[in-house]
Amino acid sequence: MKINKSLIEYKVREERRLSFEEGLFLFQQPDLIWLGKLADRVKRRIHPEPIATYIIDRNINYTNICVAQCDFCAFYEKVGSGKGYVLKKEVIGQKIQETLRLGGKQVLMQGGLNPALKIDFYEDLFRYIKTNFPTVRIHSLSPPEIQYISRISRLSLKDTLIRLKAAGLDSIPGGGAEILVDEVRQKLNANKTTGDQWLEVMETAHKMGMKTTATMMFGHIETYEHRLEHILKIRDLQDHTMGFTAFIPWTFQPDNTSLGGEKTSAFDYLKTLAVSRLMLDNVPNIQVSWVTMGAKIAQMGLYFGGNDFGSVMIEENVVAAAGAHFRMSQEEIERIIRIAGFEPHQRDMEYKLLEHREH
Amino acid sequence: MVDSALQPVYDKVMAGERLTFEDGMRLFESNDILTIGEMAHYVRLQKNGLKTYFTMNQHINPTNICRNECLFCAFYRKEDQDGAYRMSPDAVRQKVLERINEPITEIHIVGGLDDGLPYEYYIDVIRTVKEVRPKVNIKAYTAVEIAYLAERSGKSWSEVLDDLIEAGLNAMPGGGAEVFSERVKRKLFTDKLSSDDWIAIHKLAHSKGIRTNATLLYGHIEKDEEKIEHLIRLRNLQDETGGFLTFLPLAFHPENTRLARLSMATGFEDLKHIAVSRLMLDNFEHIKAYWVMLGVDLAQIALSFGADDIDGSVVEEKIYHMAGSKSSQMMTRNQLKQLIQECGFIPVERDALYHEVNSEVSEIAS
Ligand code: SF4
Ligand code: SF4
């Protein structure tokens with residue numbers, strides 16, 4: 001059947017799954033409002049309440065030393081560069097204490113692939129955190145880190161995850177996915193973890209009952225086809241595991257990276273957000289990225305498929321190093337969500353609404 | 001359509017009927033931004049097709065010394081204050097010469113009401129620019145400045161306009177309109193021109209063949225009904241004269257003003273103002289998304305919400321940058337074109353009067 005707008009409208013109305021070719025048709029559509037309306041329809045079906053969620057958490061970049069040298073990364077330092085650091089657990093503890101005091105419930109610890117840090121470092125760190133701050137949720141270590149830890153600790157992926165979980169790891173952020181197509185990963189010099197390995201970490205975690213998110217970094221050298229391949233890989237795995245809570249597409253930030261180039265446009269961002277919502281019929285939440293797109297576009301993202309505003313309190317060295325400098329307070333996030341016509345609601349990592357707001 | 005209250009408005013728009021005050025209120029009250037955008041986009045396609053205008057322009061703000069102290073203004077300084085400046089006609093000449101090799105077609109000149117400068121200065125600035133770049137369109141002085149010049153010189157508005165036209169004025173910007181509301185005026189810009197005078201000066205300019213723009217300043221203490229009334233007054237004058245070229249809603253930038261406690265308008269509000277303006281102002285050919293003010297990202301999205309003009313490559317736009325606008329100062333012609341093309345529109349380079357220009361000139365500015 002020939003793909004056209006009315007066929008897509010029909011399929012969306014009837015809750016049918018969209019194909020790769022249909023996804024491509026969506027990407028090639030210049031009619032932004034049409035895309036927005038379709039994505040908004042799906043979003044309202046999944047989230048009928050006029051609510052937009054956010055979470056208060058803190059990003060802690062526990063080390064910047066990394067053996068990988070991804071072309072899009074402005075954060076890493078090579079081993080022995082003299083500028084590398086590993087945060088002491090007391091320093092991390094202090095940051096967590098601040099986070100809790102400010103109403104945060106979760107820490108997002110991510111860092112480089114540091115050859116000095118084997119599994120016992122993480123076990124020790126997580127136990128320390130859980131002993132001292134039993135309520136805090138540890139949403140940490142993206143798949144490349146987990147895969148690397150398992151390698152240098154000579155453990156299977158499964159054993160690595162079992163041990164990390166036992167030490168206190170609650171859930172896994174979906175970073176390091178970039179574009180899950182090896183041809184693209186190779187060109188970005190990001191193939192230390194292949195696309196399959198990334199998916200394998202997530203599959204293993206999901207099968208152990210851990211929830212994770214998934215990201216996509218776009219707007220660099222990839223094509224629409226690559227984006228769709230990425231999105232469909234997430235959709236396929238989700239069919240099997242239902243372990244992804246959210247999908248977070250975000251744009252490549254070129255400053256200070258060896259890849260360089262221009263930032264992709266707001267038009268491309270909103271379109272990609274809408275296509276993600278339409279294609280990922282089995283992923284409940286789509287998160288907008290105000291850190292990379294700014295408040296104005298992120299707010300409009302709530303009408304292009306997004307239902308979650310991400311995290312309030314940030315210490316995002318990775319993105320800040322690459323030139324994204326947006327900062328927002330809880331109050332500001334709540335204000336712009338309200339102005340867009342939604343009720344702001346704090347949530348936890350599982351996207352459950354928190355009943356009592358603390359100020 | 002998510003908000004069924006918009007259905008009657010939608011039907012009117014599709015039938016090409018004029019919207020009433022109540023329709024305008026319904027639009028402002030609705031959160032169904034995509035339906036509002038869809039309607040505005042429909043009107044935009046009727047009027048301009050896929051054409052999206054941009055211009056290569058230069059901004060000159062000859063003086064920032066102003067006797068008024070509008071609460072929302074971050075631009076003005078008092079004579080003895082840090083950062084106060086005044087450009088001599090020769091400095092203005094240098095400014096124009098600096099970019100003489102760029103394919104600029106419009107020079108936009110506005111500034112403060114500077115009691116330390118003679119009436120002749122304001123005329124000389126225009127004359128100087130005209131001398132250095134005779135072919136360029138000069139879009140200069142808001143109605144506020146025209147009224148001020150009349151007061152200073154004892155001449156009538158009409159005589160002031162004649163002097164300016166004689167010196168080379170081609171068009172007038174739409175600034176100083178703010179919101180046509182006595183309530184807001186009393187609170188924020190007591191000393192400024194009344195809305196009746198603003199309207200009268202534009203009407204007079206139109207009668208002399210000077211095309212002008214119109215603006216609305218939103219995002220401060222104004223009410224929805226005041227904005228709809230404002231738009232309807234502009235629409236009425238346009239029915240009478242047809243002299244308006246384009247309308248641009250301007251978001252108030254609170255930073256560095258004495259209203260800094262207010263928050264900046266959000267993207268949702270920016271797009272709503274663009275779209276509602278497109279829908280209410282059925283007799284305006286163009287709606288502009290001024291990228292210096294909105295930021296490049298939001299201006300690009302506004303093109304799908306009713307705007308058909310993104311303004312131009314601007315150098316030294318002081319007014320919004322003093323108010324904390326973070327957008328970069330300049331975009332090249334290629335960047336502007338790309339931004340437009342990416343959304344499926346056709347970039348058309350224009351001069352101040354919307355004549356198509358420079359289709360194939362050298363890309364010096366790129
Ligand atoms: S993106 Fe991650 S893995 Fe790649 S260089 Fe940066 S820190 Fe290392
Ligand atoms: S808005 Fe114009 S009139 Fe008011 S203070 Fe600023 S420069 Fe002067």
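Criterion applied to B:GLY24, B:GLY37 was being crowded, with 17+ Cβ neighbours inside 10 Å, more than 16 Å from ligand 1 (Cβ to nearest atom), within 13 Å of another protein chain (Cβ to nearest Cβ) and over 19 Å from B:TYR141 (Cα atoms), and the one residue passing it is B:GLY37.
Is it true that some residue in the range B:214-224 is within 14 Å of another protein chain (Cβ to nearest Cβ), in contact with a helix residue (DSSP H, G or I) (Cβ under 6 Å, 6 or more places away or on another chain), in a loop (DSSP other than H, G, I, E, B) and buried (at least 22 other Cβ atoms within 10 Å of the Cβ)? No, the range B:214-224 contains no residue that is within 14 Å of another protein chain (Cβ to nearest Cβ), in contact with a helix residue (DSSP H, G or I) (Cβ under 6 Å, 6 or more places away or on another chain), in a loop (DSSP other than H, G, I, E, B) and buried (at least 22 other Cβ atoms within 10 Å of the Cβ). Taken together, B:ALA307, B:ALA289 contain a single residue that is out of contact with any Lys or Arg (no Cβ under 9 Å at 6 or more places or on another chain), among the small types (Gly, Ala, Ser) and at pLDDT 60 or above, which is B:ALA289. When each of A:SER142, A:SER171 is tested for being within 16 Å of ligand 1 (Cβ to nearest atom), of a type in the set (Ser, Thr, Tyr), closer than 20 Å to A:TRP250 by Cβ and in contact with a helix residue (DSSP H, G or I) (Cβ under 9 Å, 6 or more places away or on another chain), the lone residue that passes is A:SER142. Residues in the range A:276-304 that are facing another protein chain (nearest Cβ under 8 Å) and either aromatic (Phe, Trp, Tyr) or more than 17 Å from the chain's Cα centre (by Cα) (or both): A:ALA295, A:LYS296, A:ILE297, A:GLN299, A:MET300, A:TYR303.
Residues in the range A:45-63: is at least one part of a helix (DSSP H, G or I) and not basic (Lys, Arg)? Yes, there is a match, as at least one residue in the range A:45-63 is part of a helix (DSSP H, G or I) and not basic (Lys, Arg). Look at (1) in contact (Cβ under 8 Å) with a residue 24 or more places away in the chain; (2) surrounded by 14 or more Cβ atoms within 10 Å (Cβ to Cβ) and you find that B:ALA84 fails only one, number (1). Taking the listed residues A:GLU315, A:GLU332, the one that is more than 18 Å from A:ILE46 (Cα to Cα), facing chain B (nearest Cβ under 9 Å) and modelled with pLDDT under 90 is A:GLU332, with no other qualifying.
Restricting attention to the range B:154-201, the residues that are outside any helix (DSSP H, G or I) and within 14 Å of ligand 2 (Cβ to nearest atom) add up to 13. Six or more apart or on different chains, Cβ under 8 Å: which pairs go from a residue in the range B:180-191 that's more than 14 Å from chain A (Cβ to nearest Cβ) to one that's assigned to a loop (DSSP other than H, G, I, E, B) and away from ligand 2 (no atom under 16 Å from the Cβ)? Could you list them? Sorted first by the residue in the range B:180-191, then by its partner, the pairs are B:SER181/B:LYS223.
For the range A:60-79, a residue qualifies if it is modelled with pLDDT under 90 and either in contact with a helix residue (DSSP H, G or I) (Cβ under 6 Å, 6 or more places away or on another chain) or more than 13 Å from ligand 1 (Cβ to nearest atom) (or both), and the qualifying residues are A:ALA74, A:PHE75. Counting only helices (runs of 4 or more DSSP H) that sit wholly inside the range A:80-177, those with at least 2 residues that are acidic (Asp, Glu), surrounded by fewer than 23 Cβ atoms within 10 Å (Cβ to Cβ) and more than 16 Å from ligand 2 (Cβ to nearest atom) are A:89-101, A:119-132. For the range B:283-309, filtering for residues that are buried (at least 24 other Cβ atoms within 10 Å of the Cβ), in a loop (DSSP other than H, G, I, E, B) and hydrophobic (A, V, I, L, M, F, W, C) leaves 4.
With respect to the stated conditions, B:GLY295 fails to be within 14 Å of another protein chain (Cβ to nearest Cβ), in contact with a strand residue (DSSP E or B) (Cβ under 8 Å, 6 or more places away or on another chain) and touching a residue at least 24 places away in the same chain (Cβ under 8 Å). Scanning the range A:174-207 for residues that are over 24 Å from A:ARG127 (Cα atoms), away from ligand 1 (no atom under 12 Å from the Cβ) and of a type outside the set (D, E, K, R) turns up A:ILE179, A:LEU180, A:VAL181, A:VAL184, A:GLN186, A:THR194, A:GLY195, A:GLN197, A:LEU199. Can you name every residue in the range B:100-123 that is farther than 18 Å from B:PRO173 by Cα and either of a type in the set (A, V, I, L, M, F, W, C) or surrounded by fewer than 19 Cβ atoms within 10 Å (Cβ to Cβ) (or both)? Within the range B:100-123, B:ILE100, B:ASN101, B:GLU102, B:PRO103, B:ASP115, B:GLY116, B:LEU117, B:PRO118, B:TYR119, B:GLU120, B:TYR121 qualify. On inspection, B:ASP32 qualifies as among the acidic types (Asp, Glu), within 14 Å of another protein chain (Cβ to nearest Cβ) and at negative phi.
For the range B:122-145, the candidate set comprises residues that are closer than 15 Å to B:LYS155 by Cα and not hydrophobic (A, V, I, L, M, F, W, C); within that set, the residue that is farthest from the chain's Cα centre (by Cα) is B:TYR122.
The values are calculated or read from the model by the stated rules, or taken from the named source; none is laboratory data. Bear in mind that the values here come from a model prediction, so they are computed numbers and not experimental data. Note that we place each Cβ from the backbone using ideal geometry, even for glycine, and neighbour counts take in every protein chain shown.
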